[in-house]
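Engineer: Provided herewith is a single structure, encoded as structure tokens, for subsequent inquiry.
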Amino acid sequence: MSGKLVVVSNRIPTGAPSSGGLVVALHDALTRSGGVWVGAHPDQDAGDPESLTEIASGDYDRLAFHLSEDDYENYYLGFANSVLWPLCHGRVDLVEISRAYEAAYLGVNARVARLLAPRIGPDDMVWIHDYHFLPLAVELRRLGVTARIGFFLHIPFPPLSALSTLPTPGDFAAWLSAFDLVGLQTRRDTAACLEMFRADPRAEFMTDGTVKFHDRTVSVRSFPIGIDADSFAEAARAPDPEAELGVDTGADLVIGVDRLDYSKGLPNRFRAFGAFLDGRAGSDAPRASLLQIAPPTRERVAAYRAIRTELEEISGRLNGAHSELDWTPIRYIHRGVERSTLARLYRRARACLVTSLADGMNLVAKEYVAAQDPENPGVLILSRFAGAAEDMTEALLVNPYDIDEMAAAIETALTMPIEERRRRHAHSLRVVRDTHVTRWAQSVLGCLATCPPTLSLRATPKSETLTLAD
Ligand code: ADP
Ligand code: G6P
């Protein structure tokens, strides 16, 4: 690559880049090639919205744009997390249509483009992440940026029918067509994206598989994201966390690790654990405890507050019914834990519950597999609706709407013979290794580098790109 790499994501690491596959992957890509990572400043209202602030530098630069209280409310909590997030996660009932949200979303994207465009040369590669920045390439092109621009959507691609919920449904296709490459998590997502283009009279399918849209050509491909399996395994092998964490040694540990998001299927997971406990009542099987680590997220959105209340009610009820003086079956922790502690807890757990109702990939599933002792591995219970299930077919796949099936899967996991556990784990570990974060970033950027260059740009009046009914 002759130019620099410019990465844009709403969240940007502020300390050491250690948590979450995305941060590790992008840190790795930028460290190798140098460049700049642009994201929202962690301190809201901390600076001038019309300039970028340098927040740290080392092998690459980090620049932050500033969100005002109004931007935070209407762009981040509003359009991004009360329109696009529920839309992409099959919760159209939670979508809140608001002109203020839409205006702020387009406004922040236009502003970030204005701040970025002067810093982007024609040979640079721009890699934009996630649903916060769908219109960013349209805005950059309008300002004359000809550099290759790639996009990666970390969450599920919405079905065509859900897109009709948007105030101007045709926007999605027009926004995406301004990128050279649209990267998605799974083959299912790619199919959904192509279905959207197929239904759009402005799109034309080319013989090489790309989509022509007006005067632009876009490639759509899946690149399943992964983790750095070796470093996670290494952290997991460190000394036993029992003493530090007080994990009940007398019970089989089942673990769940998720942001407290309604897409993660936590109420049904708790209900399934309750049904599993009911099924064991009166038996002399060893005790089992569920440790659920679920830090709150986006709490100013009503749906997130509601899920917290619902879970507290369910766990309280189940613990009331099943606890003994020396045993609490569900431990529910509302905060983040150190990644090294998390890795050791995964290794200690006999089973991991990933029961998302919808999920782009789900990195917890991959972390759990990487953390296991291959000689005596635990069992991953994985929702069919998580992107990870497309390739991790030897996990215990479950329907997260079926409480009894999930309860039976917990029982199966905790009683599974060692040969079967080893066989299933070996398959899952191969998948985790094949989707290593470094390889993931390299394949996206390698593919972007081969996209034909943009030689000239059609002058696009503002009103045309933002009101897309042709
Ligand atoms: P999402 O991106 O929707 O939050 P993923 O499972 O893909 O879901 O990624 C979540 C990441 O955040 C994982 O790397 C996971 O280890 C980390 N994480 C989630 N909850 C916690 C927690 N309580 N403490 C520490 N890390 C967490
Ligand atoms: C998902 C999204 C990311 C987002 C993260 C945490 O992984 O794909 O874009 O950063 O959740 O959500 P938050 O709203 O706290 O940034």
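Engineer: Tally time: how many residues in region 171-209 are basic (Lys, Arg) and under 28 Å from Met392 (Cβ atoms)?
Structural biologist: Result for region 171-209: 2.
Engineer: OK, next. What residue, among those in region 419-432 that are in contact (Cβ under 8 Å) with a residue 40 or more places away in the chain and either out of contact with any Lys or Arg (no Cβ under 9 Å at 6 or more places or on another chain) or hydroxyl-bearing (Ser, Thr, Tyr) (or both), is nearest to Asp391 (Cα to Cα)?
Structural biologist: Among those residues, the one meeting the criterion is Ser428.
Engineer: Those residues that are within 13 Å of Leu445 (Cα to Cα) and either of a type in the set (Lys, Arg) or modelled with pLDDT of 80 or more (or both), I need them from region 27-42; list them, please.
Structural biologist: Those that are within 13 Å of Leu445 (Cα to Cα) and either of a type in the set (Lys, Arg) or modelled with pLDDT of 80 or more (or both): Leu30, Arg32.
Engineer: Based on this model, can you work out whether Glu299 counts as outside the structural domain of Trp175 (by TED's automatic domain parsing), within 16 Å of ligand 1 (Cβ to nearest atom), farther than 21 Å from Tyr346 by Cα and surrounded by fewer than 20 Cβ atoms within 10 Å (Cβ to Cβ)? Quick ask: steps written out before the conclusion?
Structural biologist: Values: outside the structural domain of Trp175 (by TED's automatic domain parsing): yes; within 16 Å of ligand 1 (Cβ to nearest atom): yes; farther than 21 Å from Tyr346 by Cα: yes; surrounded by fewer than 20 Cβ atoms within 10 Å (Cβ to Cβ): yes.
It is true that Glu299 is outside the structural domain of Trp175 (by TED's automatic domain parsing), within 16 Å of ligand 1 (Cβ to nearest atom), farther than 21 Å from Tyr346 by Cα and surrounded by fewer than 20 Cβ atoms within 10 Å (Cβ to Cβ).
Engineer: As an exercise: evaluate Ala358 against (1) touching a Phe, Trp or Tyr at 6+ places or on another chain (Cβ under 8 Å); (2) aliphatic (A, V, I, L, M); (3) under 27 Å from Gly250 (Cβ atoms) and give the number of the one condition it does not meet.
Structural biologist: Condition (3) is where Ala358 drops out.
Engineer: Of the residues Pro167, Pro201, which single one is surrounded by fewer than 21 Cβ atoms within 10 Å (Cβ to Cβ) and modelled with pLDDT under 95?
Structural biologist: When all the criteria are applied, what remains is Pro167.
Engineer: Select from region 116-154 the residues that are in contact with a Ser or Thr (Cβ under 7 Å, 6 or more places away or on another chain) and surrounded by fewer than 18 Cβ atoms within 10 Å (Cβ to Cβ) and list them in ascending order.
Structural biologist: Pro122, Asp123, Thr146
Engineer: Another question about this same structure. Looking at (1) in contact with a Gly (Cβ under 8 Å, 6 or more places away or on another chain); (2) on the phi > 0 side of the Ramachandran plot, which is the only condition Gly144 fails?
Structural biologist: (1)
Engineer: If you go through region 67-81 one residue at a time, do you hit one that is within 16 Å of ligand 1 (Cβ to nearest atom), modelled with pLDDT under 85 and in the same structural domain as Asp171 (by TED's automatic domain parsing)?
Structural biologist: Filtering region 67-81 down to residues within 16 Å of ligand 1 (Cβ to nearest atom) leaves 76, 80-81.
Next cut, modelled with pLDDT under 85 only: none.
Within region 67-81, not a single residue is within 16 Å of ligand 1 (Cβ to nearest atom), modelled with pLDDT under 85 and in the same structural domain as Asp171 (by TED's automatic domain parsing).
Engineer: Enumerate the pairs (first residue in region 228-256 and assigned by TED's automatic domain parsing to the domain that holds Phe270 and at pLDDT below 75; second residue anywhere and β-branched (Val, Ile, Thr) and crowded, with 18+ Cβ neighbours inside 10 Å) with beta-carbon separation below 9 Å, excluding pairs fewer than 6 apart on the same chain, so at least 6 apart or on different chains.
Structural biologist: Pro241/Val247
Engineer: Looking at region 334-350 only, could you name the residues that are under 21 Å from the mean Cα position of the chain (by Cα) and surrounded by fewer than 22 Cβ atoms within 10 Å (Cβ to Cβ)? Let's see the steps before the verdict.
Structural biologist: Going residue by residue through region 334-350, those that are under 21 Å from the mean Cα position of the chain (by Cα) are 334-340, 342-343, 346.
If the condition is that a residue be under 21 Å from the mean Cα position of the chain (by Cα) and surrounded by fewer than 22 Cβ atoms within 10 Å (Cβ to Cβ), then His334, Arg335, Gly336, Val337, Glu338, Arg339, Ser340 are the ones that fit.
Engineer: Right, here's the next one. Among the residues of region 270-292, how many are polar (S, T, N, Q) and either farther than 15 Å from Gly256 by Cβ or in a helix (DSSP H, G or I) (or both)?
Structural biologist: Matching residues across region 270-292 total 1.
The values are calculated or read from the model by the stated rules, or taken from the named source; none is laboratory data. Because the structure is a prediction, the values reported are computed rather than measured. Every residue, glycine as well, gets a Cβ built from its backbone with ideal geometry; the counts of neighbours run over all protein chains shown.
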